[in-house]
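Here is the structure we will look at.
Each value in this text was obtained by applying a stated rule to the coordinates, not by laboratory testing. Computed from a prediction, not measured in an experiment: that's the story for all the values here. Cβ placement follows ideal geometry from the backbone for every residue including glycine, while neighbour counts extend to all protein chains displayed.
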C-alpha cells in the first residue's frame, strides 16, 4: 500500500506542476487525503475481521 501512496503522491505533484498549482498547501491536502483513506481502509478491515470472528 505504501508503494501505491508514493506513486499517487508523485503523480499528483507532477500533474499539479504541469498546471502550475504546486504549493505547500497542496502537500498538506495530500497528506490529509492519505490519512483519511488510511483510516477508511483500517475501519473496513476491522469491520471485516470482526464479522469473521
Give the residues of region 17-32 that are out of contact with any helix residue (DSSP H, G or I) (no Cβ under 7 Å at 6 or more places or on another chain) and more than 14 Å from residue 2 (Cα to Cα), sorted by residue number.
-> 17, 18, 19, 20, 21, 23, 24, 25, 27, 28, 29, 32
Considering each of 22, 5 in turn, give the residue that is surrounded by 10 or more Cβ atoms within 10 Å (Cβ to Cβ) and assigned to a helix (DSSP H, G or I).
-> 5
